[in-house]
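Visitor: Mind having a look at this structure? Questions to follow.
The values are calculated or read from the model by the stated rules, or taken from the named source; none is laboratory data. Note that this is a predicted model, so its numbers are computed, not measured. As a convention, Cβ positions derive from the backbone with ideal geometry for all residues, glycine included, and neighbour counts pool all protein chains shown.
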Amino acid sequence: MTSRLDRRDFLRLGLSAAAASALPGCGGGDFDERYTEEDVARLAEQKRAEKARSGTGPFGPQVYRGYRGLAELPWFELDGDGNVRCVAEDVPRAIDMHAHLGMALFLAPELDLQARTPRVRHMLDCDGEEPGCPLDLDVYANANFSPSDLNALRRMAVAQFTIGSSAAATHTIPNLLAEMDAVRVEQAMILPISFGLPFGDDLTETWTSAIRKAGVERRLLPGASVFPRDPEAVDKLRRYAADGARAVKLHPNAQRYYPDAPEAMAIYEECGRLGLPVCLHSGRAGIEPERVHRYMLPRHYEPMLRRFPEVDFVFLHSGSRDLADTLPLAARHENVWLGIHGQGVSALAEILERVGPHRLLFGTDWPFYTLAMSLAKVLMVTEGRPGARWAMLRGNALRLLGETEGSA
Ligand SMILES: [Zn+2]
């Protein structure tokens, strides 16, 4: 049925969605009031200053030899297979509010999400060689990707939309659960993305049914995603909520929409009615194509905070490299929660200082990185502060999800 021309169009769509989702690229260009030359300069300055400051903050140099190197920290040890375990019995059982499973989209063949494999190939495969890659916890997480790692990431993303990714085949339910067990993570929110593709774009359904099939709904909480320009988005949200979704993920970069776009407002409003938190990728990570940077500037995330004060908005990555412009939003609006994944340890200490512990949510972005990497940073910034540690790792997530201890 599909002509060659159609296939090429579909392929282009899939590849550009892949490229937009995570990946290095170039070409921004067109400036207007939504994206200015000053915005470009701010990101460049953030990168420069972060690099210069790494290792000079309150925790000193924080460079480890791969994820395995984290075993040097007092809370961790290596097990017989060389995997990091959290051995500190007083670390609260954590709830990871930001994780994913393996992605097979568009033309890519289905993955077996029930498979156990000998090792996980994280998207930053820092333990792939001996010794592991230098892992700096005092910079934004993606600064740890070398140019060749970024090329591998680009190839992986394209494969996830076309021939299938062998790394994604290791991003399975049993592999995630094993890592959770090793580092005292009790539950993880699984956040899909809807890319708006003509077919093969059903991560919400695929992941929810895989979680059910494995019988692990108590540990892996299914999230849902809709595409903002899908005219059926609101109906789909209601269906997903009725089917047990616990949060909604939207991604202004991968979905190429302004977070304050009119079509998104209807989605936020419905999430409010359904009692579902809205988890938004926020701020510029700095490795995506520049042409999508205009969608992710913190100032575009404010109108809906004002308009829907009853809706909980989780800013995943705390605004990424636009943290400095995100913190004022959190100060002005009580309905902002900050997902802390990605921020370096000095930045995380600053977030904790400025926002306090009660709206910060532990997250890992697995399988991008190991769970232990994010956990290590939280443990460092909350040393000697058990109340803040419990809130960030567990208590805040329970409150956001409307659960009390014991009902989970
Ligand atoms: Zn993510």
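Visitor: Can you tell me how many residues in the range 126-162 are among the charged types (D, E, K, R), touching a Gly at 6+ places or on another chain (Cβ under 9 Å) and farther than 25 Å from Ala349 by Cβ?
Guide: 4
Visitor: Just a yes or no: is a residue in the range 391-399 crowded, with 24+ Cβ neighbours inside 10 Å, assigned to a loop (DSSP other than H, G, I, E, B) and modelled with pLDDT of 95 or more?
Guide: No, the conditions are met nowhere in the range 391-399.
Visitor: Looking only at strands (runs of 3 or more DSSP E) that lie completely in the range 71-148, which have at least 2 residues being in contact with a Lys or Arg (Cβ under 7 Å, 6 or more places away or on another chain) and either more than 16 Å from the ligand (Cβ to nearest atom) or at pLDDT below 95 (or both)?
Guide: It comes to 76-78, 84-86.
Visitor: Right, something else. State all residues of the range 362-385 that are farther than 13 Å from Val185 by Cβ, among the small types (Gly, Ala, Ser) and within 16 Å of the ligand (Cβ to nearest atom); if no residue qualifies, say none.
Guide: Within the range 362-385, no residue meets the criteria.
Visitor: Does Phe195 count as within 16 Å of the ligand (Cβ to nearest atom), of a type in the set (Phe, Trp, Tyr) and farther than 23 Å from Ser374 by Cβ?
Guide: yes
Visitor: Right, another one. Just one of (1) β-branched (Val, Ile, Thr); (2) more than 16 Å from the ligand (Cβ to nearest atom); (3) within 26 Å of Glu403 (Cα to Cα) trips up Val345, so point out which.
Guide: The one condition Val345 does not meet is (3).
Visitor: Return the residue satisfying two criteria in turn: it lies in the range 208-245 and is among the polar types (S, T, N, Q) and touching a residue at least 24 places away in the same chain (Cβ under 8 Å), and of such residues it is surrounded by the fewest Cβ atoms within 10 Å (Cβ to Cβ).
Guide: Thr208
Visitor: Given the criteria closer than 27 Å to Ala94 by Cβ and at pLDDT 95 or above, does Ala157 qualify?
Guide: Taking the combined requirement at face value, the residue does not satisfy it.
Visitor: With respect to Glu205, is the statement that it is among the charged types (D, E, K, R), part of a helix (DSSP H, G or I) and crowded, with 20+ Cβ neighbours inside 10 Å true?
Guide: No; evaluated as a whole, the condition is false for this residue.
Visitor: Could we say that Arg294 is away from the ligand (no atom under 16 Å from the Cβ), surrounded by 20 or more Cβ atoms within 10 Å (Cβ to Cβ), basic (Lys, Arg) and modelled with pLDDT of 95 or more here?
Guide: yes
Visitor: Quickly run through the range 356-391 and pick out the residues that are acidic (Asp, Glu) and more than 13 Å from Gly342 (Cβ to Cβ).
Guide: Residue satisfying the conditions is Glu383 alone.
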